[in-house]
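Have a look at the structure below, then the notes.
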Amino acid sequence: CDMSEVLRQRELKPGQSPYRALLDTLELSNSRLSLQLINDNNKVRLLLELYRLQGNMTRVKINELKPLKPRYEVPDVLLSHPITEALSVVAQDENSLVVSLGGKDQRLILSAQPFRLDIVEGSQVLMSLNSRGLLAFEHLRTRKDTISHKISSTVGSMWDSLKKDDDKPGMWEETFKSHTDSKPNGPTSISLDFSLPGVEHVYGIPEHADTLKLKNTDGSDPYRLYNLDVFQYELHNPMALYGAVPVLISHSTDRTMGIFWLNAAETWVDISSNTTMFGKILDFVQVSSEAPQTDVRWMSESGIIDVFIMLGPKPADVFTQYASLTGTQSFPPLSALAYHQCRWNYNDQEDVKTVDQGFDEHDIPYDFIWLDIEHADGKRYFTWDPSKFPQPKEMLQGLMDKRRKLVAIVDPHIKVDSGYKIHNEIRSKNFYVKNKDGGDYEGWCWPGNAGYPDFTNPEMRTWWASQFAYDQYEGSMENQYIWNDMNEPSVFNGPEVTMHKDALHGVWEHRDVHNLYGLYVQKATADGLIQRSEGVQRPFVLTRAFFAGSQRYGAVWTGDNAAEWGHLKISIPMCLSLGLVGISFCGADVGGFFKHPSAELLVRWYQAGAYQPFFRAHAHIDTPRREPWLFGPENTALIREAIRQRYALLPYWYQLFYNAHRTGQPVMRPLWVEYPDDFATFSIEDEYLIGKDLLVHPVTDEGATGVTAYLPGKGEVWYDVHTFQKHDGDQSLYIPVTMSSIPVFQRGGSIICRKDRVRRSSSCMENDPYTLYVALGSQGSAEGELYIDDFHTFSFEEAKQFVHRRLSFSANTLSSRNLAPDSQFSTASWIEKIVIFGGSQPSSATLKSADGTESALEFEFDSTLAVLTLRKPGVNAAADWTIVLR
Amino acid sequence: MTCLHLLLTLVFAVSLGTPVEIQRPRGVPLTKKQFYEESKPFTCLDGSRTIPFDRVNDDYCDCKDGSDEPGTAACPNGSFHCTNAGYRPMFIPSSRINDGICDCCDTTDEYNSGAKCENTCKELGRKEREVLQKMAEITKEGFLLKQQLIEEAKKGQQEKQSKVTDMQENKKQLDEKVEALRTVKETAEQPEKEAKERHLKAWEEQKAAIRLEKDKAKMAETFLELDDNADGFVSVSELQSHAELDPDADGTLTEIEAQGLMGGAEQVDTSTFESVWPKIKDKYHSESQAEEPAPVETPPDEVKEPVVDNDSEPYPEDDISEEEDEDDEDEDDYHEDDDKAQPTIKTPEKTHEDEEAMPPYDADTQALIDAAQKARDDFEEAEKALREMDDQIRNIEKELSFDFGPDAEFTYLYSQCYELTTSEYIYRLCPFNRVSQKPKYGGSETNLGTWGSWSGPENNKYLLMKYEQGTGCWQGPNRSTTVKLTCGKETVVTSTSEPSRCEYLMEFTTPAVCQEPANIDPSPHDHVEL
């Protein structure tokens, strides 16, 4: 039997669609257009709904007109009902319908026979749906060999046509290895094709260990989206990994667009590059016959077709559009952006203490130490091993005294043990996922036999969240945060190491909700952390499985990678892909989870990880210890320096996460996002931007003595942050490297705030002064932002307690201006130094404070590098001020 | 704005109960006081630049070496000195100044962070003195013990050395003795062999005569049996009554065939029967025991079975070792048991010879045999003694070859074992041999490494022992153990841990590593405070 039932659909080849739109069934309300589609082969009718959504989006929904029973529609992913905008039919004939989408002459053309949709702008086709005739919709039916079939076959003539659809093996029951899927609903899969004329580059649909630019899947497996606990995953492979975000982004020099396929069942995506084959169908649309085209085909095992087409046109617009649907990145507490030290496992309290001291002895900063599964009593989460961690509060207090924090793992498989409170409560409340026969579903995982709480049940989630209360979770304290692993969910003895598809979540099959399970686990956990602090503290929860919308609940990592150079390299496109679809807080296990890294690989990974959003070292239990000081003094120094660079840049990371939280713009960006017209950037995945102002080119090759970095932007300049050397944009540049650092460039025209007084944890640096790095652009000006709040509560949102300032330099004047006049926050931080790259030597520098007082600033000028350093302006970071150079 | 104009601070050094004011900038150690003079511009300690003195500790880093900010966190590479009166002075990185964490016991590092620090120097000092004192006592006593150990070891070593010398001398004599006895033995064995052969030959001849006699008797008996009519002749028909004599095995003995057996004669008398008898004696069934069942073909079975077993055994064994490691050993045990059990159960019964046993040796032969046996015993005994002596010499030489430390102070650990019981396991350290771990509540022992080498730091390699190549770990390396030696009066394993998968760490106290106490000051109370 085939790996996946869904792939049967792949046998369907492009051609004339059997579907026909019944234009006489058209219904149009203010914001909703609906009409029926009929499959001329079997006469089954579908209902098509079209919505125009605020912010230049179109939603296309297709369901059975009269399904035997409801089909699953994904809840809880959209923030709310998307706001709709008026639709109007501007033209209609016997075979087509033209709907105005408003805006820039955008229209949607619906062709009746064969059914297809084309979204056009002016004379240009932006996207076509079902133009290849691959719309397929396996309607719910009754099994022929049952009595109920005979009864329901009287329903109508459509059943006659069903005879064509002879039952095929696998339709009603499938076997994968030794596992049998009972498939009580029979085949239910859906499929639809999208054509993107003029597009050669598509991205997104994580999670795959593959290139940033998605590959053509002709002749290989499609990209698969099915959350799985994959053991030692392979690189450059479209196989499914731990998480799934069914969002594809297309980009060309003309336009950036997105397709959000809202379906939580097993999903496959085929991508092929073609040239446009339009023309005759749409006479009034001009298409160059030479144009490249990308065809995308989505297939899902169950549910309905519910697609959001995000029309851009710019990358930032697509991010905004997607954020308006599924929300933005949660704003983490500052410390979560600092360095995390993890290992499976820190053995006991003494070990934790020793490692903590090790960081101080070697003067290496860190904020979080992590405890993996061995910390719990027999893998009973929410408990502590009584011999290894007898006094968890003592341990947590010890860390708190150092202003540090801890993460403990809480996985969603619950040991079946009548002596375990969590299990007993879940069982008595009937909160477990059920097997197909109605009993509690049980599978093997770390604790042995385990039950799986039904996180799709809101009551269950509420109960789960309540378990994080300090009086419930014994031994926990406010500096303890949570890690959700194995939430695909991982079932060691299940098909493909996950849950049986016919397991039941209330009335829905696991098949319908699979990719959503991990999101719910993280959501319920994050809710728990918020509630335990009575809504005051921002949570921090790391998850391995995820779905569209997971960005709202915390951080994600790329799972169980390996200590290999290829894995270091792939961490860049993997996190870039996640960032494009909303999940900014991404990282890979520094050093690699499986296997033992060489000192060189470890150092290079620290240097790369220091410039990725989630910065955590982790290691498998069978690997030798690898705390940063175990590789000799030279490597210790190199790792210390990498981590210190991260800490110095925390103000910038923090501001970018604030920005991501407010606007949905990714933190870690492919170059093309900021240089959308520069074709040379479209496939780059060995370097990237942090925000728009830092360009990072990690060293990911063993023994590398140099890298070739592409600096984008015609007429722009870039400054090497280590040497202050200036380089022109729009060129590939060979940069020699030593082991001491990786190439990082600051964009000319930007101002970046750093805290150069690196201390042992980010909390220790809260009140420290800032140094402003002003990199002048070719026009002699620069801009940047500074964001400050209390770094860990919701006050920034609920009480507007924050500082957000615009820093700008032009005409030899640097000033700080309030971007949020209605906000309030007082900070002890001040401006200790200003470093200006690319300027000239002034004769004087005058600081004008808000109260009008003026004072002269001392400065130094390095004429060889053209670096001007202003000594100690001393102004408060929240104040208005101006510095004039003469 | 936070400008900290905390240029100069008064530092009170409590010494001998009299407070003395020593004025110097915050964070500067006394030894560097002279570089910070308020009246003069300050020159960075690396000489890189000179700045006005009011820029010392002004919370802005002017010197590359951080020397202008000894009391603030402004310089990334600076360090802060805390006096810690009552305890030990120390330097901390500048980044720990005002970071909200109390690092200096005199609280001077947190002068502006709001951290509530308590001066704990006195308490720490007291504790440290206690610890030091205890340590000193331990070291002192340990060192004394060590001297004894050294002495004993040296004595032991000398004894062993001289023992080896003695033994080697003895061995030479033994060698000679063995050779002499070998000659005696060989000399005695020659006549023994000849006498035995003679005896055997005589016995063989006697046996042949007896056998002939018996055959004749049987022949006569048979003749009487065959001669049914007792006419003194065995006729063809009389012979035909014994179908078993049928030469072509077709079940009937025809007249012609019977005649053939009888050499063409119609009948034979007793003397002619002598020529017929050899042709029929093997097949002939005595009428008196005719109904007795013929012996079945059991012997081949008995022989075959163990052979089959031996042949087939390697295959299942191989399969098991490939598939299931865990069960392998158990299965092996079963097989071994079978092997041992089978021979005892299935040993074929000895076929009884009808003939009587060989008669005892005559007195002369027996005397020769006894003499040879004695020579053999004497020789073997001597040879065994020689082997034992060889073993002893080898063992002592092996022991003498170990590196038992510069003064042989670790000698006493040789061939000893030390145990530590934790909640789950019993750990066992046998120095210079191996480390092992055994579950407390049953289960087999795991080898955590066999003696590898001393592996302490270059200046004292005798602080660490490395045991390597223990039992392999699943998906991992072979287990290994590092034993950390610290000075103690007693020789004990104090703790074990597994800091990294399959890499064990054992803490072990022994007087053998106690260093000579730096005995300068009899009262350690005063110099600590300085």
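The numbers here are math on the coordinates, done by the rules we state, and not lab data. These figures come from a predicted structure and were not determined experimentally. Cβ coordinates were reconstructed from backbone atoms using ideal geometry, including for glycine residues, and neighbour counts include every protein chain displayed.
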What is the distance in Å between the Cα centroid of the range A:104-133 and that of the range A:558-575?
39 Å
Please give me the summed charge of the neighbours of residue A:38: other residues whose Cβ is under 9 Å from its Cβ, Lys and Arg +1, Asp and Glu -1.
+2
Quick one: helix A:632-648 against the long Cα principal axis of chain A, what's the angle to the nearest 10°, folded into 0 to 90?
80 degrees
Treating only the Cα positions of the protein assembly as shown as identical point scatterers, give the base-10 log of I(q)/I(0) from the Debye formula at each q in 0.04, 0.05 Å⁻¹.
-0.42, -0.58
Ignoring everything except DSSP H segments at least 4 long, calculate the 222 nm mean residue ellipticity for the protein assembly as shown; use -39,500 (n - 2.57) per segment, divide by total residues, nearest 500.
-8500 deg cm²/dmol
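Just want the ordering: B:266, A:766, A:488, from fewest to most Cβ atoms lying within 10 Å of their own Cβ.
Listing B:266, A:766, A:488 from fewest to most nearby Cβ atoms yields B:266, A:766, A:488.
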If each part is reduced to its alpha-carbon centroid, the range B:49-82 and the range A:11-50 end up apart, in Å, by 76 Å
Cα Rg, Dmax (largest Cα-Cα span) when computed across the range A:566-619, Å:
10.8, 34
Given labels modelled 7 Å from the Cα in the Cβ direction, how far is it in nm from residue A:725 to residue A:221?
4.5 nm
How far is helix A:392-401 tilted off the main Cα axis of chain A, in degrees rounded to 10, range 0 to 90?
50 degrees
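Work out, in µm²/s and without decimals, the Stokes-Einstein translational diffusion coefficient of the range B:23-177 at 10 °C, 1.306 mPa s, Rh from Kirkwood over C-alpha pairs. Each step should come with its number before you reach the end.
Values: Rh = 20.1 Å.
Translational diffusion coefficient: 79 µm²/s.
Relative contact order of chain A: what whole-number percent is it, with Cα pairs under 8 angstrom and at least 6 residues apart? Write out the running numbers ahead of the final one.
Numbers: 2233 pairs, mean separation 82.9, N = 886.
About 9 percent, as a whole number.
Of all the C-alpha pairs in the range A:162-276, what % are more than 19 Å from each other?
56 percent
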DSSP beta bridges in the protein assembly as shown, what fraction antiparallel, as a percent rounded to 5?
85 percent
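Let's see if you can work this out: charge +1 on each Lys and Arg Cβ, -1 on each Asp and Glu Cβ, no other charges. What is the dipole magnitude of chain A about its Cα centre, in debye to the nearest 20?
Numbers: 86 positive and 113 negative charges, 213 e Å.
In total the dipole reaches around 1020 debye.
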Relative contact order of the range A:675-800, please, whole-number percent, based on alpha carbon pairs below 8 angstrom and at least 6 residues apart.
20 percent
What the Cα atoms of the range A:44-140 span along the principal axes, largest first and in whole Å, is 41, 34, 21
Convex hull volume of the range A:452-592 per residue (C-alpha atoms, cubic angstrom)
131 Å³
Mean separation of Cα pairs under 8 Å and 6+ residues apart, divided by the residue count of the range A:1-147: what relative contact order is that in percent?
21 percent
